[in-house]
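Here, each number is a calculation from the coordinates, and none is a lab measurement. None of the values given here were measured: they were computed from a predicted structure. No Cβ is skipped: glycine too gets one built from the backbone with ideal geometry, and neighbour counts run over all protein chains shown.
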Amino acid sequence: MNGSGRQRCRLYLITPPTLVAGFAADLAAALAAGDVACLQLRLKDQDDAAVLAAAAELMPICHDHDVALILNDRPDLAAEAGADGVHVGQEDADFDTARALMGSERTVGITAHDSRHLAIEGADKGADYVAFGAFFPTATKVAKSRAEPELLTWWQETTAVPCVAIGGITAQNCGQLVKAGADFLAVVGAVWNHPKGPAAAVREFNTAIDGATGPL
């Protein structure tokens, strides 16, 4: 499955829904512990000022580790914050609005749930990645769909647009998604709630990814 031209699968971290005191330090430790592609700032119940303040605090930490900062849902706030990208779900801002606000140089990713149609539609519009899931039960949010690993394999065989796997992913179960074709693994609780801390979680994930990747 790790065919020609395919890059190593990478971590796509998503913040907890509420940022507690000390989160910035936890983030810095996590990003220093191993390969991470990006951090999605996902503060669903916070007002605009709080989201912008969080972006201003966390973006320098991300950039110090060559990690992109992506905002969830709100391309207007992503553009105002100077974020590296935005992720829009099917019920959020439409893709064309997001692209117009973000421009061609910054990332716009979309949610496709378990839908091949939504994924192809998004790719045809110019999405920089599509996210599939949930692959496993998750306590982070109520999953609208349940995806199977074969969907990732089909996507790799269909297009060069990267795909993100999301939903209940842990270092223990991620190997099958890596082997199936995930370009990124989106994780929340398995990192921030890890009993040994976020840095240990990032190390465990990278070890698991390497173990499942095989020769590229």
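Placing a label point 7 Å from the Cα of residue 18 along the Cα-to-Cβ direction, the residues of segment 107-141 with a backbone N closer than 18 Å are 139-141. Extending 7 Å from the Cα toward the beta-carbon at both residue 80 and residue 172 defines two label points whose distance is 4.2 nm. Scanning the chain for GluC sites (Glu not before Pro) lying in DSSP loops with no more than 12 further Cβ atoms inside 10 Å, the longest uninterrupted stretch between such sites is 106-216.
Report the charge-dipole magnitude of the chain in Debye, nearest 20, computed about the Cα centre from +1 at each Lys and Arg Cβ and -1 at each Asp and Glu Cβ.
My answer is approximately 680 debye.
Taking the number of Cβ atoms within 10 Å of each Cβ as an exposure proxy, the fewest-first ranking of 102, 59 is 59, 102. Spin-label model, residue 124/residue 159: points 7 Å from Cα along the beta carbon direction are separated by 1.0 nm. Given R0 = 25 Å, the distance between the Cβ atoms of residue 207 and residue 44 translates into a calculated FRET efficiency of 0.20.
Under the 0.36 nm per residue contour assumption, what length would be gained going from the current alpha-carbon distance of residue 105 and residue 8 to full extension?
Values: separation 97, 0.36 × 97 = 34.92 nm, distance 2.25 nm.
Stretched out fully, the residue 105 to residue 8 stretch lengthens by 32.7 nm.
Footprinting exposure proxy ranking of 145, 115, 104, fewest other C-beta atoms within 10 angstrom first, gives 104, 145, 115. The slack between residue 53 and residue 96, meaning 0.36 nm per residue of separation minus the straight C-alpha distance, is 12.9 nm. What the pair-distance distribution of the chain shows, using all Cα-Cα distances binned every 10 Å from zero, is 9, 36, 40, 15, 1 percent.
What trypsin sites (Lys or Arg not before Pro) in segment 169-216 are in a loop by DSSP, with at most 15 other Cβ atoms within 10 Å of the Cβ?
Working: sites: 179, 196, 203; in loops: 196.
Filter output for segment 169-216: 196.
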